[in-house]
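The values are calculated or read from the model by the stated rules, or taken from the named source; none is laboratory data. Everything numeric in this text was worked out from a predicted model, so none of it was measured. Here the Cβ positions follow ideal geometry from the backbone for every residue, glycine too, while neighbour counts run over all protein chains shown.
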Amino acid sequence: MESLFVTERIKTLLPQIQAFIETELHPLEMPEYLAHDFSHVEPILQQKRQLVKKAGLWGLHLPEEDGGLNLTLCEFGQISEVLASSPYGHFVFNTQAPDIGNTELMHKYAPKHLKDRYLNPLMNGEIRSCFSMTEPEFAGSNPTRMGTMAVKDGDDYVINGHKWFTSSADGSAFAVVMAVTNPDAAPHKRASQILVPMDTPGVKLVRNIPIMGHAGDSWASHAEMLYENVRVPQANLIGAEGAGFLLAQERLGPGRIHHCMRFIGIAERSFDLMCRYAANREMEEGVMLGEKQFIQGFIAESRAEIDAARLLVLRTAKHIDEQGASAVRDEISMVKFFTANMMLRVIDRSIQTHGALGMTNDILLSYWYSHERAARIYDGADEVHKTALARGILKGYGLNTRKK
Ligand SMILES: Cc1cc2nc3c(=O)[nH]c(=O)nc-3n(C[C@H](O)[C@H](O)[C@H](O)COP(=O)(O)OP(=O)(O)OC[C@H]3O[C@@H](n4cnc5c(N)ncnc54)[C@H](O)[C@@H]3O)c2cc1C
């Protein structure tokens, strides 16, 4: 870890978390779990969650008043990297997306009655949640356009809409739904975020969408959803009416740092597997795979790329801590596409180094290869982030590019 960013409390915490992950979670990396649905391994993970609580490592990311440490984003990012060395790390520490994003959102903007009923059990790990914004009929890259409507009726909203890629909806207690409440307002002021309990009549989970041949279940799934005449109290509004887009933007700043540091953790672990294999695979008598220059190239390039990405992401996290996410939007865009692509290259090189073994569920790599390809699409596709960054740079040269 970069000493530039390591604080005293992180210095103590990181080895503890690292030891927990290696002892309790790395042994779960076996085909029996990696090749099956999440619900298969979930009972064991729930037991591991109890161990995290016993070890006093639960809820570290939360504000002080909720038993957390008020960690800066830069500090939490470093923890996130360590958690990501296991595909179960974030879940076991209750820092998994989308719950962590909903927790942050509700802390800041939910009214007290929603905090009491939903946020507290969410923080305790008793329930899960999801975030329902993207729709199949509209380009998710432009979330100011959406078809889901929330119409006032008495004290309620009545919601109708079609969503998909509502991650982790399967088994969630509630969804934070983005719906248009103010159709006549400016595009970025039309939608609101509304908490919808999943057992409300009219909420339908149509299917868990198969991704790369696998539909998944429970937390590890992405649902198509229908909201048909779903009636919830207007008091379930999170933040101001019409502020949905603004809140989504605010959520995505720190959220992208969480993802990027997770990508780095995955890359670092894939790198470690690659080096171990290269050092031990005998190609001919007395000649190891790591002596081949192609493989040395994989190793050298991966080392440089992981370190560069980590420095960039931690620098950006520090800037967010100091200046707020909106002040460093271009930087956030830069680290999102740079780190996602770096991770995928490192996983790919590690698979290549392992030969046929790399394609199996006997080691982690193929699990990550299929689950993480989406990193270049969600939370802003590469092209959107590259365009945003370039536009910001060109502005400094006097060229004001219109958003096209
Ligand atoms: C695994 C996964 C999990 C997800 N989880 C959630 C979730 O929990 N909740 C939720 O609401 N949504 C979720 N999403 C949806 C995600 O946010 C959207 O997929 C994303 O915003 C892109 O929208 P889209 O798929 O409609 O693609 P489009 O907006 O239709 O874009 C398609 C492609 O066009 C290109 N493109 C887009 N804009 C530009 C541009 N300006 N210039 C050049 N090229 C461009 C990009 O290559 C992009 O991939 C998830 C997606 C995935 C894959």
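A few remarks follow.
- The range 260-291, subset among the charged types (D, E, K, R) and not in a helix (DSSP H, G or I), residue surrounded by the most Cβ atoms within 10 Å (Cβ to Cβ): ARG281
- Residue in the range 22-37 that is hydroxyl-bearing (Ser, Thr, Tyr), modelled with pLDDT of 95 or more, exposed (fewer than 12 other Cβ atoms within 10 Å of the Cβ) and in a helix (DSSP H, G or I) present: yes
- Cβ-Cβ distances below 7 Å connect the following pairs, each with a first residue in the range 30-41 that is touching a residue at least 24 places away in the same chain (Cβ under 8 Å), a second residue that is outside any loop (DSSP other than H, G, I, E, B) and of a type in the set (Ser, Thr, Tyr), and a separation of six or more residues or different chains: LEU34/TYR367; VAL41/TYR33.
- Residue within the range 338-346 that is more than 24 Å from the chain's Cα centre (by Cα) and at pLDDT 95 or above present: no
- The set of residues in the range 353-389 that are small (Gly, Ala, Ser), assigned to a helix (DSSP H, G or I), surrounded by 15 or more Cβ atoms within 10 Å (Cβ to Cβ) and within 16 Å of the ligand (Cβ to nearest atom) comprises ALA374, ALA375, ALA388.
- Of the residues making up the range 107-147, those that are among the small types (Gly, Ala, Ser), touching a residue at least 40 places away in the same chain (Cβ under 8 Å) and within 9 Å of the ligand (Cβ to nearest atom) are SER132, SER141.
- The range 1-38: number of residues that are among the polar types (S, T, N, Q) and more than 18 Å from LEU364 (Cα to Cα): 4
- If only residues of the range 189-222 that are polar (S, T, N, Q) and in contact with a helix residue (DSSP H, G or I) (Cβ under 6 Å, 6 or more places away or on another chain) are counted, the one that is nearest to ALA35 (Cα to Cα) is SER218.
- Of the strands (runs of 3 or more DSSP E) lying entirely inside the range 160-227, those carrying at least 3 residues that are within 11 Å of the ligand (Cβ to nearest atom) are 174-180.
- ILE351 in contact with a helix residue (DSSP H, G or I) (Cβ under 7 Å, 6 or more places away or on another chain) and within 16 Å of GLU268 (Cβ to Cβ): yes
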